[in-house]
């Protein structure tokens, strides 16, 4: 690989004119990335405000938000083809225009199909613009293209923006209205378009690669499968799962899309996602770890909001302030992973054990802490641990995909699988399982607790029935949360035991090839 990384002098970006100081050029692209990452079309932190002012349900808003993640995931397979087909200027102008339109549409429409479709397209362009910016400054971040180093930068940007976007959205809604967040980001996107028009030149690579041979039907079918999977997980509890025709139809349609794609992959020369990518050992291992790890952290989506609002009595601003604790954990986790995994080349097994240890700390702290009188500051440790653990696992196993031994034609397909299992399934499947478990556990504990609340008890004989019911439900919720935290904690400890007795000598030597090598590979497709 040494011939891939010949010293090329001081880093420079030919897309930006020379009258801009060389040291400032990478920071301009980082500024572009921040605007793009903040512009998701829909802001899930404002879900409660949107429910109160529109005809949308909580599930509708979640479905649209996850559709954006699906759009980002499905883009991985073709993002390098588009990079070598269009200049950075063209990609940024197109993505900025689409994201601007998406922000305006999402601020005005009450149609769920329009919201989902808009966010799906916005997610696709958001990912393409992010690649355009990050690939341009990749050599500035890591001159030898060490992907372990590069992914630390990627996650410190992406995961931090998720937390900061939620904080900005809630405070914007608090001081004004939730729609103002859309107008603010629309203004930032207009600024991006102006800066790209003025500062970024249409520089195209030495080789032009047309968009031929792309399995667009496979892209549509895989998008349909992912949307159906997400629909079942998000709306399952609302529709009472497979008792409802909507869930049955979505399940059947998703299975049909997956079956057609698997069948087409057996004979197509260039399927959108090949069987080779699906059967890769590192891809399968990453998928298994994501399913276990993010199910352990699914209480983030199911418990924390209900606990903070219904039990602790937090308002929206106090609730969103907890994002600062997660943000601190993300920054710490990225720095720790950079120093140990990227620079000192700690083993994958070691980093995985550390990630699961932080997940166990998060679960154990909530298991022993959860009560009625918890102060906001006492939640710092578990939320900080969750932020550290999740970012460590994400960086480590994304790096393992690069080191999977797949040829570069197949490598982007593995990224799509990784994006879907890590982002979409991690955010929907685990919460669906834990949410259903919570519903049954609350019903069981409420039935047990109600035995003590009878008219023969003199302490409560004059309490209204509605108040008694509320007391039972609240206490049953706390008891059920503690019970589920306990089960998840035992699962985390069991996972740590399995990791402790396993043997994993592999270290992160994931080096990305030069763009010229990638261009030559793609041109032969």
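The values are calculated or read from the model by the stated rules, or taken from the named source; none is laboratory data. Remember, it's a predicted structure, so these values are computed and weren't measured experimentally. When we count neighbours, we look across all protein chains shown, and the Cβ atoms used for this are built from the backbone with ideal geometry, even at glycine.
In table form, for the structure just shown:
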quantity: Residue 381, sole failed condition from (1) over 28 Å from residue 318 (Cα atoms); (2) at pLDDT 85 or above; calculated: (1)
quantity: Subset of region 93-106 (residues that are surrounded by fewer than 19 Cβ atoms within 10 Å (Cβ to Cβ) and touching a residue at least 24 places away in the same chain (Cβ under 8 Å)); calculated: 94, 97, 104
quantity: Candidates 152, 106, 119, filtered to the one that is closer than 23 Å to residue 54 by Cα and either under 19 Å from the mean Cα position of the chain (by Cα) or at pLDDT 90 or above (or both); calculated: 119
quantity: Filter pass, residue 288 being without any contact (Cβ under 8 Å) to a residue 12 or more places away in the chain and either buried (at least 17 other Cβ atoms within 10 Å of the Cβ) or under 21 Å from residue 497 (Cβ atoms) (or both); calculated: yes
quantity: Subset tally (residues that are more than 16 Å from residue 351 (Cβ to Cβ) and surrounded by 24 or more Cβ atoms within 10 Å (Cβ to Cβ)) for region 385-412; calculated: 1
quantity: Qualifying positions in region 172-189 - touching a residue at least 12 places away in the same chain (Cβ under 8 Å), in contact with a helix residue (DSSP H, G or I) (Cβ under 7 Å, 6 or more places away or on another chain) and in a helix (DSSP H, G or I); calculated: 172, 173, 174, 179, 181, 182, 184, 185, 186, 188, 189
quantity: Hits in region 260-301 - residues which are more than 20 Å from the chain's Cα centre (by Cα), over 18 Å from residue 416 (Cβ atoms) and part of a helix (DSSP H, G or I); calculated: 263
quantity: Single condition residue 211 does not satisfy, out of (1) part of a helix (DSSP H, G or I); (2) at pLDDT below 90; calculated: (1)
quantity: Members of region 302-317 that are assigned to a helix (DSSP H, G or I) and more than 20 Å from residue 472 (Cα to Cα); calculated: 316, 317
quantity: Within region 390-441, considering residues that are out of contact with any helix residue (DSSP H, G or I) (no Cβ under 7 Å at 6 or more places or on another chain) and outside the structural domain of residue 279 (by TED's automatic domain parsing), the one nearest to residue 218 (Cα to Cα); calculated: 436
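Residue by residue, here is whether (1) without any contact (Cβ under 8 Å) to a residue 60 or more places away in the chain; (2) within 21 Å of the chain's Cα centre (by Cα) holds:
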site	(1), (2)
329	no, yes
344	yes, no
364	no, no
373	yes, no
386	no, yes
401	no, yes
420	no, yes
423	no, yes
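For (1) more than 23 Å from residue 21 (Cβ to Cβ); (2) within 25 Å of the chain's Cα centre (by Cα); (3) surrounded by fewer than 17 Cβ atoms within 10 Å (Cβ to Cβ), each residue gets a yes or a no:
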residue	(1), (2), (3)
163	yes, yes, no
170	yes, yes, no
174	yes, no, yes
182	yes, yes, no
185	yes, yes, no
192	no, yes, no
198	no, no, yes
210	yes, no, yes
